[in-house]
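The values are calculated or read from the model by the stated rules, or taken from the named source; none is laboratory data. Owing to the predicted nature of the structure, the values given are computational and were not obtained by experimental measurement. Don't worry about glycine lacking a Cβ; one is built from the backbone with ideal geometry, like all the others, and counts go over all protein chains shown. For accessibility, only protein heavy atoms count, side chains too; no ligands or nucleic acids. Shrake-Rupley method; radii C 1.70, N 1.55, O 1.52, S 1.80 Å.
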Amino acid sequence: MRRIFAHLVHAFSFNDCGNFRYYIFDVESGSLMEADYSAFLCAKNRYSVEFTSNEKNAFAVLSAAELREANEELDSLEADGLLNTPPVITSYKKPIGALKALCLHTCHDCNMSCDYCFASDGTYGSVEREVMSVSVMKRSIDFLIENSKFIKNLEIDFFGGEPLLHLDNVKEAVAYARAREKETGKKFSFTLTTNCLALNGETAKYLADEMQNVVLSIDGRRCVHERVRHSKSGDSYTAILKNAQQFRALRGDKNYYVRGTFTNKNLDFSEDVKFLSENGFDQISVEPVVLPKNHPLAITETHIEAINKEYERLATLVLTERRNGHFFNFFHFMADLTGGPCVHKRLNGCGAGCDYLAVAPNGTLAPCHRFTGNPDFVLGNVFDGISDTKSVREKFTDTLLSKPHCADCFAKYNCGGGCAANSFEFSGSTSGQYKTGCEFQKKRTELALGINACLTGN
Ligand code: SF4
Ligand code: SF4
């Protein structure tokens, strides 16, 4: 008889502040088990997880008794339905029926000029700096209501460029949406992303009161900011940090997060997370920049090892701080060990092109903000409706179940199958692979599982 392992199991080690722990992760059920070293090695061997050379040597010298005991343990976990479990769903495409969310490009204009900006200083490549008029904003809200069908809770993201340059328009749009809620029974949730330069006084108060989420774009330490982010007024960092801190205090318990970017100039980005956590922020996301390989700030495959080592340092920092009673949440290290993966949610991912679209200042529709300005991804406009003559939306319905590179990936339910914009940029297809990003995702998944297992004692 030959044993056939059709399903996915991963085994990995985790450095718990100098003390190595060993885990076996059942991908489909989300079960995570701490193992002794022998069982960990046997799991790697049994489920074809790549050995390091040290592990290979250690596995080769396990005694017959150690092998038997470890394999019996793995057999028993399989029999209990905790290991090598089959997938719940094997085929799924995202629906493109109803719309749930719109990203409004309030303006293609910015009061900053950042060397890594995907939107070319907020202009999205256009010669003219554009502003979304109040009438386009109102029409976008009506368009979302009309296309939302059975969905009650709708989302509007005020994006830019820099939305605070035209806050009066945002205020009128919010008031209009609130009035339409009463007539339609729909409920709007608003998010605004800002670089914080104009986030003070009445502006801060308005956002704190009216937005359901606010994204503060700050990269961390002054030296990091000043190397890549510039403003016409010279020193922007002092105002940005002060404004963001004051807003954080004003915000209380309501949702917000700091969204930083790191480039190849600050591969020690755990220092930026540390800086942010020491300066009053407890919800932090710092992301690797996504730029073409030849850009001077680009992160490429040559940086993978250094960045993954830095994520390990960050994991140690998070664990040490939590154990010392100082909480901050690093978004990529979040993992729910109790509920297992919510498969439908993970499969739907960001929803770009399906239940989520972006609206340019002139009302043109795109699958998400990263595709705005690309003529191959135009999906009509908010006045005449969706006219998807090139079947663009169909390209966004693929999920990790239909992407061959995701099939054997242990991180798939934590990842959701990757970002279509990154895939397009690096492979030429919205369903292709951004390999460098996958390496980071896999590392962060191991660390998230390890951190949460250590903190819960599971
Ligand atoms: S990490 Fe890469 S291979 Fe794995 S699920 Fe995400 S996109 Fe797919
Ligand atoms: S495709 Fe990528 S950039 Fe666009 S909304 Fe999805 S995750 Fe974000």
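How much length is gained on full extension from ARG129 to ARG178, taking 0.36 nm per residue of separation minus their Cα-Cα distance? List each step's numbers first, then the result.
On the way: separation 49, 0.36 × 49 = 17.64 nm, distance 2.88 nm.
Extending this stretch completely gives an extra 14.8 nm.
I need the calculated FRET efficiency for the pair ASP80 and THR456, taking r as the beta carbon distance and R₀ as 22 Å, to the nearest 0.05.
The pair ASP80/THR456 has a calculated efficiency of 0.60.
What are the ³J(HN,Hα) couplings of segment 111-118, residue after residue, when phi is run through the Karplus curve with 6.51, -1.76, 1.60 and θ = phi - 60°? Round to Hz, x for glycine and proline.
Once rounded to whole Hz, the list reads 8, 10, 9, 10, 5, 9, 4, 5.
If you average the alpha carbon positions of segment 52-118 and of segment 141-169, how far apart do those two centres end up, in angstrom?
32
Give the accessible area for SER48 in Å² (nearest 10); use a 1.4 Å probe, count only protein heavy atoms, and leave out ligands, DNA and RNA.
Using a 1.4 Å probe on the heavy atoms, I get roughly 100 Å².
State, as an integer percentage, the relative contact order of segment 238-290 based on alpha-carbon contacts under 8 Å between residues 6 or more apart.
Values: 42 pairs, mean separation 23.8, N = 53.
It comes to 45 percent, rounded to a whole number.
Could you give me the ³J(HN,Hα) list for segment 226-231, computed from phi with Karplus coefficients 6.51, -1.76, 1.60 and θ = phi - 60°, whole Hz, x at Gly and Pro?
Going residue by residue, I get 5, 6, 10, 10, 10, 9 Hz, with x marking Gly and Pro.
If you place +1 on the Cβ of every Lys and Arg, -1 on the Cβ of every Asp and Glu, and leave all else neutral, what size is the dipole of the chain about its Cα centre, to the nearest 20 Debye?
660
Let's test the formula: R0 of 41 Å, r as the Cβ-Cβ distance of SER387 and ALA407. What FRET efficiency results, to the nearest 0.05?
Efficiency, rounded to the nearest 0.05: 0.75.
Using a Förster radius of 45 Å, what is the FRET efficiency between SER53 and ASN374 based on their Cβ-Cβ separation? Nearest 0.05, please.
0.50
Carbon-plus-sulfur fraction of the accessible area of segment 183-321, 1.4 Å probe, in percent? Let's see the in-between values first.
Working: 2850 of 5810 Å².
After summing per-atom areas, the C and S share lands at 49 percent.
Taking a ≥ b ≥ c as the square roots of the Cα gyration tensor eigenvalues, with a/c under 1.5 meaning rounded and otherwise prolate when a/b beats b/c, else oblate, which class fits segment 1-89?
oblate
Over the chain, what is the relative contact order in percent, taking alpha-carbon pairs closer than 8 angstrom and at least six residues apart?
After rounding, I find 17 percent.
ASP268 to ARG323: extension gain in nm, 0.36 nm per residue of separation minus the Cα-Cα distance?
The ASP268-ARG323 span can extend by a further 17.5 nm.
Roll a 1.4 Å probe over the protein heavy atoms and report the accessible area of MET334 in Å², nearest 10.
MET334 has an accessible surface of roughly 110 Å² with all protein chains in place.
When the chain is fully extended, how far beyond the present Cα-Cα distance does CYS223 get from SER91, taking 0.36 nm per residue of separation? Don't skip to the answer; put the middle values down first.
Numbers: separation 132, 0.36 × 132 = 47.52 nm, distance 4.76 nm.
Once the chain is fully extended between CYS223 and SER91, it gains 42.8 nm.
Could you provide, to the nearest whole Å², the per residue accessible area of the chain with probe 1.4 Å?
45
First check a/c for the chain, with a ≥ b ≥ c the square roots of the eigenvalues of its C-alpha gyration tensor; if it is under 1.5, answer rounded, and if not, answer prolate when a/b is larger than b/c or oblate otherwise.
Note, shape of the chain comes out prolate.
Would you mind checking the pairs LYS232/LYS395; LYS94/LYS186; LYS94/LYS182; LYS93/LYS443; LYS152/LYS435 and listing those with alpha carbons more than 32 angstrom apart?
Numbers: LYS232/LYS395 40 Å; LYS94/LYS186 23 Å; LYS94/LYS182 30 Å; LYS93/LYS443 27 Å; LYS152/LYS435 37 Å.
Going by Cα-Cα distance, LYS232/LYS395; LYS152/LYS435 fall outside the 32 Å limit.
In whole percent, what relative contact order does segment 9-86 give with Cα contacts below 8 Å and a gap of six or more residues? Walk me through the intermediate numbers first.
Details: 98 pairs, mean separation 23.9, N = 78.
Over segment 9-86, the number comes to 31 percent.
³J(HN,Hα) across segment 360-370 via Karplus (A = 6.51, B = -1.76, C = 1.60, θ = phi - 60°), whole Hz, x for Gly/Pro?
Whole-Hz 3J(HN,Hα) from phi for segment 360-370: 6, x, 8, x, 5, 9, 9, x, 6, 4, 6.
Enter the Cα centre distance for the pair segment 365-384 and segment 208-287, rounded to the nearest angstrom.
30
Given labels modelled 7 Å from the Cα in the Cβ direction, how far is it in nm from GLN245 to SER63?
Here the modelled spin labels are 6.0 nm apart.
Could you give the DSSP H helices of the chain that reach 15 angstrom or more along their long axis (alpha carbon positions) and whose average Kyte-Doolittle hydropathy is no lower than -0.5? Provide the component values of the computation, followed by the final result.
Values: long enough: 64-79 (22 Å, -0.70); 134-147 (20 Å, 0.39); 167-184 (25 Å, -0.94); 237-251 (21 Å, -0.34); 304-323 (28 Å, -0.47); 435-456 (32 Å, -0.26).
For the chain, where a helix must reach 15 Å along its axis and average at least -0.5, the hits are 134-147, 237-251, 304-323, 435-456.
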